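Below is one structure; the comments refer to it alone.
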Amino acid sequence: MSKKYNKVDTNIDLSLFHLNSDKASEEVFVKKQAHNSILKIDVIDDIDNRNISVEQALKILNQQWKLSGLRARTIQTYNYNFNRFVDVTKVEYLHQINSQKIYDFLASLGDVKDSSLNGILKQIKAVLSKCHDNGWYSSKFWMNLKIKVNKTVKEAATEQEITLLLSLLDKSTYSGFRDSVAIIFLVKTGVRIKTLGEIREQNIDFDNQLLKLQGDIMKSHKPLFLPLSKDMCILLKKLIAENEKIRREHKQKNDYIFLSNTGVPISNTKSPSNLIAKNLWVYSKKWGLKNINAHSLRRLFAQRLINSGADINLVSHALAHSDLTTTSIYLGLNPNTVAKNLRDYI
């Protein structure tokens, strides 16, 4: 990148990089997607639900997963672990599967971490639940199967750490300015780092100060609308203006918000991570900031909302979580904290 475009116009209010914005602008609301009914496909004629083979079931499930837009990698994982279960237990028909066979399979895996076993069990449950949705099981006997896992709650970044990091970044350079905007954006919207790299100008509604995320760039595959503060909109407009210069210099054509120094989207990488995530890791090591990463910024977003009085259900929707359990983990809630906070309502 030429020196001409390595610098950005410094005529911008640096107070915009502070986190103490108006609470009203931090309220989160979500556009709920209409509930999708379960898709059923009869690709094999005259299936006897009482005697359906595992092979037949998986053929149908794979078609359903593909048509429902489930990620190829997720489908592959479901098939891999369920086929491992079938190979070990030697079951040929769905009616042969029971709780004991599932436990026998998990025990056969040997010295595996409880967290890994829990992940495999979760995938087997997902396959069986889809079978139940198709009417092949009358009850979900597997729902009570559990593996005790001692989870270590990951810490959220602190506002002090973020403030220090923002003060250390050189905002007179394109990369420093872009990363500063990205950090503020992650803290104030809570989007996943993967989603950050997919955001385009069309996703920003400046007139209504909204971030509009379509399902195709969301892990949940569901659209999500989030509010943007006035300050955030100013920073985004400034970044878009700088992006135009970068794209012109390197003859790039795109409308992504977060670009590399050569004008290509930060998500243009084979890695599941992206440039911003890598830079956060570099900054944490360079300046000794122990808890600076994309996930810790997302957790800070959730904790700031809860501390401002937002309902946990609303926070869960804003994070695009499938259930409140995941949200509780993000917030680091424990039994003592819950009991203490509930006492005032008894």
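The values are calculated or read from the model by the stated rules, or taken from the named source; none is laboratory data. Nothing here was measured: the structure is a model prediction, and the numbers come from that model. These accessible areas exclude ligands, DNA and RNA; they are computed on the full protein's heavy atoms, side chains included. Shrake-Rupley method; radii C 1.70, N 1.55, O 1.52, S 1.80 Å.
Of note:
- When the pairs Lys154/Lys188; Lys219/Lys245; Lys146/Lys194 are compared against a 21 Å limit on Cα-Cα distance, Lys219/Lys245; Lys146/Lys194 fall above it.
- Checked against a 26 Å cut-off, the cross-linked pairs Lys230/Lys253; Lys212/Lys238; Lys222/Lys253; Lys238/Lys285 give Cα-Cα distances beyond that limit for Lys230/Lys253; Lys222/Lys253; Lys238/Lys285.
- Rounded, prolate or oblate (a/c below 1.5 giving rounded, otherwise prolate when a/b exceeds b/c) for the range 117-216 by Cα gyration tensor: oblate
- Prolate/oblate/rounded label for the range 89-171 (Cα gyration tensor, a/c 1.5): prolate
- Per residue value of the accessible surface for the range 51-175 (all protein chains in place, 1.4 Å probe), Å²: 57 Å²
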